[in-house]
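Engineer: First, the structure itself, so that you have it in front of you.
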Amino acid sequence: MCHVGFKCFILKFRPWLVVFTAASFFFLVNSATNLGVITPYLSTKFHFSASKIGFLFACYYYSNIIFVFFAGIILDKTSVKKTLIISFIIANCSILIFAMTKSFALMALSRLALGVVGSFSLLSCFQLIKRWFPSKKTALVTGLATTYAALGTLFSQTPLMLAIEKFGWRAGLLLNFWLGILLCIMVIVFVQDFPPNTQQSNAQQSIAKSQITAWIAIKKTLTNYQNWLVGFYTSLFTFPGLFFNASWGILYLQQVGNLTAIDSSYVVTAGIIGNMLGSPLIGWLSDKFYSRKLPLIICAFVALAILVIITYGKNIGLLPYVLLFFLFGIILGSQVVIFPLIAENNSSSLVGTATGFVATLTALSGAYMPFLGWIMDYYTNSKQVVDGTISNYYPIMLILISIVIVSMFLILFIKETHGQQQK
């Protein structure tokens with residue numbers, strides 16, 4: 001009797017187990033991608049300039065931009081499980097190389113390799129969500145999966161900093177390597193491409209998809225202007241989050257906010273926790289009210305207000321910074337709405353390809369990082385004065401504010417789908 005009850009329990013929650021196990025790769029990529037905690041070490045121990053660190057950070061996104069579109073096409077045609085296993089193996093190798101090498105070139109190459117397989121992280125997870133859950137739940141489930149994956153980003157902040165301070169930054173990074181091995185084993189055991197009750201229709205699905213060649217899929221995706229609008233909007237709106245949470249947030253808070261390294265990590269961690277809570281919350285609201293655009297519009301206005309306060313606020317202090325970053329993280333959670341929006345603006349046979357294309361445009365946000373590094377180096381070297389003090393961040397903040405304003409403008413032209421899948 002207990003065996004039957006346990007089997008029923010597993011069958012009932014199997015969709016969640018499949019999706020969240022697949023999201024483990026997204027978790028690992030988030031943890032390995034963020035360089036915010038080790039940026040001070042790269043700066044002091046290796047004497048890397050801001051532009052050099054920016055390039056190192058952007059290497060992930062350079063390869064991501066090139067491969068993520070093709071990742072979507074591949075996932076429309078091949079097994080998600082097999083793709084995840086191969087991706088885990090390559091990711092673990094790249095993490096190990098970055099943690100052990102002293103060569104800037106090898107660090108850059110390892111980041112490029114991570115970017116290639118990172119192209120499959122969110123796309124594979126979303127592909128499984130579309131297969132295992134009904135359309136009316138996609139935003140909520142995507143938000144919860146993103147929240148789980150964001151734990152990887154959270155792990156790469158204060159917990160990793162504490163490990164680095166005790167064991168050294170290389171030993172700290174090796175934690176990601178061993179974690180990757182464990183998560184890969186879980187994917188082998190638990191992930192399945194389709195629900196059991198759809199196995200008989202898999203052949204029909206494969207035939208229908210094979211009739212759409214890769215070239216036709218690309219052509220249909222590129223000629224859908226909604227994909228361009230959603231992609232450019234996402235690229236712009238995620239940019240401030242990348243700046244604060246994944247690259248220069250800790251240094252910014254130390255140099256501008258006059259916080260200690262550990263206090264700065266607390267602030268950035270608050271932003272990541274906010275994002276973890278915001279993703280399922282905003283996804284749930286989007287599903288409940290059958291609206292995709294309204295959450296994007298409201299969150300863009302709030303994000304703009306927060307950036308203005310951070311830019312022009314004086315002597316903000318630790319607690320206000322924590323609250324501002326926490327709220328900003330919640331607002332950034334609105335990006336979870338993008339994925340059901342893509343699916344609903346494209347036919348079901350093009351979901352992977354369309355998501356890959358939008359992800360390609362989104363990855364541009366990371367590719368801009370060397371440009372910000374160059375600006376900071378320029379203002380530092382030329383000792384530009386802003387409001388009576390030397391500042392290499394003030395022009396960066398003005399750029400971030402301008403970017404959010406442009407993203408708000410793009411939202412106006414995005415089509416509202418009300419949670420309905422295009423036929």
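Quick note: the coordinates plus some simple rules give every number you see, no bench work behind them. All values reported here derive from a predicted model rather than from experimental measurement. Glycine also receives a Cβ, built like all others from the backbone with ideal geometry; neighbour counts cover every protein chain displayed.
Engineer: So how do 263-276, 160-173, 295-308 stack up, highest first, on mean other-Cβ count within 10 Å? Each step should come with its number before you reach the end.
Structural biologist: Working: 263-276: 24.0, 160-173: 16.6, 295-308: 18.3.
Going by the mean number of other Cβ atoms within 10 Å, highest first, we get 263-276, 295-308, 160-173.
Engineer: Positive end of the dipole of the chain, charges at C-beta (+1 Lys, Arg; -1 Asp, Glu), about the Cα centre: which of Val19, Pro395, Ser365 has its Cα farthest in that direction?
Structural biologist: Checked the options; the winner is Val19.
Engineer: Moving on. Give me Glu344, Glu416 ranked fewest to most by other Cβ atoms within 10 Å of their Cβ, as a rough exposure proxy. List each step's numbers first, then the result.
Structural biologist: Numbers: Glu344 21, Glu416 14.
Sorted ascending by nearby Cβ count, the order is Glu416, Glu344.
Engineer: If I model a spin label at Leu319 and Thr78 as a point 7 Å from the Cα along the Cα→Cβ vector, what separation in nanometres do I get?
Structural biologist: The answer from the label model is 5.4 nm.
Engineer: Follow-up. At a 10 Å Cβ-Cβ cut-off, how would you order Lys52, Lys82, fewest neighbours first? Could you put the intermediate results ahead of the total?
Structural biologist: Details: Lys52 18, Lys82 12.
Ordered from fewest to most neighbouring Cβ atoms within 10 Å, Lys52, Lys82 come out as Lys82, Lys52.
Engineer: Say the cut-off is 25 Å between C-alpha atoms; which of Lys52/Lys81; Lys82/Lys130; Lys12/Lys81; Lys136/Lys219 go over it?
Structural biologist: Details: Lys52/Lys81 36 Å; Lys82/Lys130 18 Å; Lys12/Lys81 20 Å; Lys136/Lys219 28 Å.
Cα-Cα > 25 Å for Lys52/Lys81; Lys136/Lys219; rest within.
Engineer: First measure r as the distance between the Cβ atoms of His47 and Phe301, then evaluate 1/(1 + (r/R0)^6) with R0 = 41 Å and state the FRET efficiency to the nearest 0.05.
Structural biologist: Details: r = 42 Å, r/R0 = 1.02.
Efficiency for this residue pair is about 0.50.
Engineer: What is the extension gain from Tyr225 to Thr101, computed as 0.36 nm multiplied by their sequence separation minus the C-alpha to C-alpha distance, in nm to one decimal?
Structural biologist: 40.3 nm
Engineer: Determine the dipole magnitude for the chain: charges of +1 sit on the beta-carbon of Lys and Arg, -1 on that of Asp and Glu, nothing else is charged, the reference point is the Cα centre, and the result goes in debye to the nearest 20. Show your work: numbers first, answer last.
Structural biologist: Details: 26 positive and 9 negative charges, 194 e Å.
Approximately 940 debye in magnitude.
Engineer: Test of understanding: ordering Lys130, Lys293, Lys102 by Cβ neighbours within 10 Å, fewest first, what list do you get? Don't jump to the answer; show the numbers that get you there.
Structural biologist: Working: Lys130 20, Lys293 17, Lys102 9.
Going from sparsest to densest Cβ surroundings: Lys102, Lys293, Lys130.
Engineer: Only helical DSSP H runs with n ≥ 4 go in: add -39500 (n - 2.57) per run for the chain, normalise by residue count and round the 222 nm mean residue ellipticity to 500 deg cm²/dmol. Walk me through the numbers on the way to the answer.
Structural biologist: Numbers: 20 runs with 325 residues, N = 423.
Helix contribution divided over all residues of the chain: -25500 deg cm²/dmol.
Engineer: Please work out how much length the chain gains when fully extended from Val406 to Ile188, using 0.36 nm per residue of separation minus the C-alpha to C-alpha distance, in nm with one decimal. Mind dumping the intermediate values first?
Structural biologist: On the way: separation 218, 0.36 × 218 = 78.48 nm, distance 4.29 nm.
Full extension of this stretch gives 74.2 nm more.
Engineer: Take each complete run of DSSP H in the chain, measure how far its Cα atoms stretch along the helix's own axis, and keep only those covering 27 Å or more with mean Kyte-Doolittle hydropathy at least 0.0; list them.
Structural biologist: Numbers: long enough: 2-33 (43 Å, 1.18); 50-77 (41 Å, 1.25); 80-100 (30 Å, 1.85); 169-190 (32 Å, 2.09); 261-288 (40 Å, 0.70); 293-312 (29 Å, 2.46).
The qualifying helices are 2-33, 50-77, 80-100, 169-190, 261-288, 293-312.
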